[in-house]
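Read the figures in this text as sums done on the coordinates, not as results from a lab. Keep in mind it's a predicted model, so treat the numbers as computed, not measured. Positions of Cβ are generated from backbone atoms using ideal geometry, with glycine treated the same way; all protein chains shown enter the neighbour counts.
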Amino acid sequence: MAEYAGGKKMKNIKLFGCALSAAALLLTGCSQTSPAGSDTSSSTPAPESSAEPAAETLNQIIYGSTTELSGDLGNAWWTNNASDKLLRSLIDDYDVVVSNQTGEFVENASVCEGIETEENEDGTKTFTVKIKQGLKFNNGDPIDASNYVAYALVQYSPAVLADGAKVSTATLYGSDTYQSGETKELSGVRLIDDYTYSIRVNADYVPYYFEKTYASLRPLSLKMYSDADLTVKDDGNGAYLEGGELTKEGVDASRFLYDGRISAGPYTLAEFDQAALTAVLKINENYAGNFEGVKPSVETIIIKKANQETMLDELKTGSVDFLSALTDGNQVDSALDMVEAGGFKTVSYERNGYGKLMFQCDFGPTQFKAVRHAVAYLLDRNDFANTFCAGYGSVVDGPYGLAMWMYQDAKAELAEKLETYAYSLEDAIAELEADGWVLNEKGEPYESGIRYKEVTPEEAGTYQHNVTLADGRILMPLIIEWSSSEGNSVSELLAVMLANGDQTAQAGMKINQNVMSFSDLLNYMYRDASQGEQYGVPTYCMYNLATNFTAAYDQSFNWVTKESNPEEYEMGYNTNFTDDELLNQLSMDMVYSVESGDDEKYLQLWVDFIDEWNDYLPEVPLYSNVYYDVMNDKIQNLECNSLFDFDQAVVYATVE
């Protein structure tokens, strides 16, 4: 367990950069953006290949995703499943700062003429950005600095907050009074002239290791948010909206606007089938190019759901052309056999993420660290990783992936510090007994069956399996409700090796598997009552998911506590609902006490963070692996890696 002292004073905090948010993508099993249960879709079904060879090769790529498009095209202020993120990134990528093929943050030369920084006397820092002239949205409307400022005015607006979005006001100067409605101006964002804007960052969040991302906004058309003629103004006190009112209803409608959606990226949304959840994208003729000036040549991209069990067959038949990030070792072997037979090829790269069992730590048995430790001891993670990854991955002991430079540099130190939770029924039982799981359902000494623990009313909460004895004592049974997504090979393996394993029963634990769609899983995990009252009630203690990290490994706000960061905690930034103050502090200091470029200090704080996380154990890491993209060999020059996804790499691709 990490020993740590010091650190910055913690307030409500959140990085406000749009597409550069370090929030991790949620996955199931091991797919690039979700568990096997998050679909992708299109308004027209993807064409099946005919028995006769096609007269010509269509200039299109059919992207098969194991995650389902939700239909919500709003930014990641609400939810962020991988397929939704893929679609959004393909139609909107005019961010001022982007990450390149190696994960380095660079100015987007197609939209940005330069960024200047100024340190203010009060400790705040201002970033002034010059936008290039001549940019256009997909519908031909001109883009200028007011469209970039409009993004911030919408993001921090009371209307977005009222629509259930999670947008903290900590880092951006003046955003708190703007979001609350106290001021009409957003004083930390200035519209200086037609092609210049500035952003002012609060002093508590300077320095920042990923500082360049502070300057980044992306353009937004206000036409999608209101029938009123909204415009951006600045009279000297900050930017504001004029000409009408931005409403919750307008914001919500923009999230589900498909026909005529106004965007600025390499592709434009041509069709969206809400029933089939399939998207058809066409080249945006008004696109100025990516950060290197490259424009796409693949005319059409179709995003559709690929069933995890049959997706390689779909690739063989031409129902899909591209499958991203295969993780199941047996599927990788089959894909390599397909390559050897001809007509297909693969690209492989180490993952910048990991598969996991995620706990929610504020109710039920998993609120107790001993139970989380016991679950880890009861699963033979090495056997699990070997079985699932089949040689294409290995166990990790914290929230990191094999591709990370931090892991590569600190591998030896982590090996000395971290608990590996090697498979041991004896250690699991010892943890449980020491924590008080020593009773049966009658409150008598435990002998066999399910273990119980006497708990306080606060610990008991409303957990459905609690027992109240005649003498008033409350007993909590060691029953863990587990949410898993349908059609998920990781879930199936976990059921065999953990939930239904003899060792779990011998430890006095019961794990109930509850299979559901990935959308339902996310709603329960986010406790999103806006999607239904049932989702707002804590129900499941454990989920199997996966996380991939962006180029900015920024864990701040992911571990906020109710005591130190009540606003962000209530908004749901910490989906594990942890109460570890040290973990929270380390996650903040890892980025907010480190100057950009000070890799040595960042690395040491990263190791301390991983060490503390490993002890608290809000999740059981299952594996990190080598990803395999497999595709029809008509596709050329499409080379993704763990820091350069399909949406970024496809602009370099051709179909031959």
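If you rank Phe644, Phe256, Phe322 by fewest surrounding Cβ atoms within 10 Å, what's the result? Mind showing how you got there, number by number?
Values: Phe644 18, Phe256 14, Phe322 22.
Exposure proxy ranking, most exposed first: Phe256, Phe644, Phe322.
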Per 10 Å bin, what percent of the C-alpha pairs of the chain does each bin hold, from zero upward? 3, 16, 26, 26, 18, 8, 2, 0, 0
Calculate one ³J(HN,Hα) per residue across region 469-479 by plugging θ = phi - 60° into the Karplus curve 6.51 cos²θ - 1.76 cosθ + 1.60, and present them in order as whole Hz with x for glycine and proline. 7, 4, 7, x, 5, 9, 10, 10, x, 7, 10
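Where Rh denotes the Kirkwood radius from the mean inverse Cα pair distance, what is Rg over Rh for region 391-470? It would help to have the intermediate numbers written out before the result.
Values: Rg = 19.4 Å, Rh = 16.4 Å.
Rg divided by Rh gives 1.18.
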Please list the non-local residues whose amide H lies under 5 Å from the amide H of Gly393, H modeled 1.01 Å from N, same-chain partners needing a gap of 5 or more. Val626
Which Cα, out of Trp437, Leu86, Gly123, lies furthest along the positive dipole direction of the chain (beta carbon charges, K/R +1, D/E -1)? Leu86
Note the count of lysine pairs whose C-alpha atoms are less than 27 angstrom apart in region 123-189, limited to pairs 8 or more residues apart or on different chains. 4
³J(HN,Hα), Karplus 6.51/-1.76/1.60, whole Hz, each residue of region 352-361, x for Gly, Pro: 9, x, 7, x, 7, 9, 9, 10, 9, 9
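With n ≥ 4 as the cut-off for DSSP H runs, can you work out [θ] at 222 nm for the chain, using -39500 (n - 2.57) per run divided by the number of residues, rounded to the nearest 500?
Values: 19 runs with 166 residues, N = 656.
The helix-only estimate for the chain comes to -7000 deg cm²/dmol at 222 nm.
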Burial order of peptide ranges 494-504, 574-584 (average beta-carbon count within 10 Å, highest first): 574-584, 494-504
Under 12 Å from the Cα of Lys634, which aspartates and glutamates turn up, not counting those fewer than eight places away in the same chain? Glu56, Asp321, Glu656
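Highest first, please rank the peptides 621-628, 95-102, 209-216 by the mean number of other Cβ atoms sitting within 10 Å of their residues. Show your work: numbers first, answer last.
Numbers: 621-628: 26.2, 95-102: 20.9, 209-216: 23.5.
The packing order, highest mean first, is 621-628, 209-216, 95-102.
Let me check I have the definition right: for region 286-426, take the eigenvalues of the Cα gyration tensor, multiply each by 5, take square roots. What are those semi-axes in whole Å, largest first? Show your work: numbers first, answer last.
On the way: eigenvalues 261, 87, 60 Å².
The equivalent ellipsoid of region 286-426 has semi-axes of 36, 21, 17 Å.
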Mind listing P(r) for region 334-413? All alpha-carbon pairs, 10 Å bins, whole percents. 14, 33, 32, 15, 6, 1
Quick check: residue separation of Glu242 and Glu104 times 0.36 nm, minus the Cα distance between them. What number comes out in nm? 45.9 nm
On a C-alpha basis, how far is the centre of region 60-101 from the centre of region 124-199 in Å? Whole number, if you could? 21 Å
Just name one of Phe609, Gln531, Phe137: the one whose Cα is farthest towards the positive end of the charge dipole of the chain (beta-carbon charges, Lys/Arg +1, Asp/Glu -1). Phe137
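Take Leu69, Leu617 and order them by how many other Cβ atoms sit within 10 Å, fewest up front.
On the way: Leu69 29, Leu617 24.
Listed from fewest to most nearby Cβ atoms, that is Leu617, Leu69.
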If every Lys and Arg gets +1 and every Asp and Glu gets -1 at its Cβ, then about the Cα centre the chain yields a dipole, in debye to the nearest 20, of 680 debye
Calc'd 3J(HN,Hα), region 450-463, phi into Karplus 6.51 cos²θ - 1.76 cosθ + 1.60 (θ = phi - 60°), Hz, glycine/Pro = x, comes to 8, 6, 10, 9, 6, 10, 7, x, 5, 5, 5, x, 10, 4
If you average 1/r over all unlike Cα pairs in region 94-255 and invert the result, what Kirkwood radius do you get in angstrom? 16.1 Å
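Wrap a convex hull around the Cα atoms of region 434-544, take a quarter of its surface area, and give that in square nanometres.
Numbers: hull surface 31.7 nm².
One quarter of the hull surface, i.e. the mean projection, equals 7.9 nm².
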Farthest toward the dipole's positive end in region 367-518, which of Ala499, Leu418, Tyr377, given Cβ charges of +1 (Lys, Arg) and -1 (Asp, Glu) about the Cα centre? Ala499
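Return Ser485, Ser157 ranked ascending by Cβ neighbour count within 10 Å, so the fewest neighbours appear first.
Values: Ser485 30, Ser157 24.
Listing Ser485, Ser157 from fewest to most nearby Cβ atoms yields Ser157, Ser485.
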Amide proton proximity set for Asp93, modelled H, under 5 Å, gap of 5+: Ala264, Gly265
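Expressed in nm to one decimal, what extension gain is obtained for the pair Glu567 and Lys411 from 0.36 nm per residue of sequence separation less their Cα-Cα distance? Don't skip to the end; give the middle numbers.
Numbers: separation 156, 0.36 × 156 = 56.16 nm, distance 3.58 nm.
The span from Glu567 to Lys411 would gain 52.6 nm if fully extended.
Need the full-extension length gain, Ser448 to Ala505, defined as separation in residues times 0.36 nm minus the C-alpha distance. One decimal, nm.
19.6 nm
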